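Take a look at the structure below.
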Amino acid sequence: MVKVGETVFLGVLNGDHVTIVDTVESRNEMKITSPPGTRLPLLAGATGRVLLSQIDKEKSREMVQKKGLVRFTSKTVTDQKQFLREIEKAKGQGYAMDDEEYIPGVRAVAAPLVFPSSPPAALWVVGFTSTLDDQKVKTVIREVQETVREIKEFPR
């Protein structure tokens, strides 16, 4: 599992939202947490971009246009063209980053978990900007991508 000192989530694309399937909570006294079953907006932050990067480009474009982008914070990407570019960027680099786009003071790094005949899934790490600084984000990106590789290689 990812050993970064922050909360780790596993979630799946479920219609027009993300459903958290599992959570490994940080051991820090102050932490970000949500129980399994929690529904999150698909078009918010790193997780949505990573999940949308796993589906057909035209379908993701249609979802963004139909649903529209909601401003959650002053840093939320609300320009549809920019958001679609961010989806393509996530697809190319294998991860997406959220820097206070969904919740003020919170950062996240998400990576896709792709399995044949399974819904799009993602693994993501969430922490406060005070503990998930720029240097730690680099470590989290490496750790999340490595964990995703390990999961994919695990015998099923």
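The values are calculated or read from the model by the stated rules, or taken from the named source; none is laboratory data. Remember, it's a predicted structure, so these values are computed and weren't measured experimentally. Glycine gets a Cβ as well: all are built from the backbone with ideal geometry, and neighbour counts include every protein chain shown.
Say whether the condition of being closer than 18 Å to LEU10 by Cα, surrounded by 14 or more Cβ atoms within 10 Å (Cβ to Cβ) and at pLDDT 95 or above is met by at least one residue in segment 74-90. Even if it seems obvious, please write down each step before you answer.
In the first step, residues of segment 74-90 are kept if they are closer than 18 Å to LEU10 by Cα; the result is 90.
Among the residues that remain, those that are also surrounded by 14 or more Cβ atoms within 10 Å (Cβ to Cβ) are: 90.
Subsequent filtering for residues that are at pLDDT 95 or above retains 90.
So far as segment 74-90 goes, yes, one or more of its residues are closer than 18 Å to LEU10 by Cα, surrounded by 14 or more Cβ atoms within 10 Å (Cβ to Cβ) and at pLDDT 95 or above.
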Output for Cβ contacts, cut-off 8 Å, separation at least six or different chains, first residue more than 17 Å from VAL148 (Cβ to Cβ) in segment 4-29, second surrounded by 15 or more Cβ atoms within 10 Å (Cβ to Cβ) and of a type in the set (Val, Ile, Thr), reads GLY5/THR131; THR19/VAL12; THR19/THR38; GLU25/THR7; SER26/THR7; SER26/ILE32; ASN28/THR131
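Give segment 30-76 a look and list any residue that's among the aliphatic types (A, V, I, L, M) and within 11 Å of the chain's Cα centre (by Cα), or say none. If you could, list the steps in order and put the result at the bottom.
So the first thing to find is which residues in segment 30-76 are among the aliphatic types (A, V, I, L, M), and the list is 30, 32, 40, 42-44, 46, 50-52, 55, 63-64, 69-70.
Those that are among the aliphatic types (A, V, I, L, M) and within 11 Å of the chain's Cα centre (by Cα): LEU40, LEU42, LEU43, ALA44, ALA46, VAL50, LEU51, LEU52.
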When LEU113 is run through (1) within 25 Å of LYS31 (Cβ to Cβ); (2) at pLDDT 95 or above; (3) among the aliphatic types (A, V, I, L, M), the failure sits at (2)
Considering residues that are over 18 Å from VAL148 (Cβ atoms), within 15 Å of the chain's Cα centre (by Cα) and part of a loop (DSSP other than H, G, I, E, B), the number found within segment 77-104 is 5
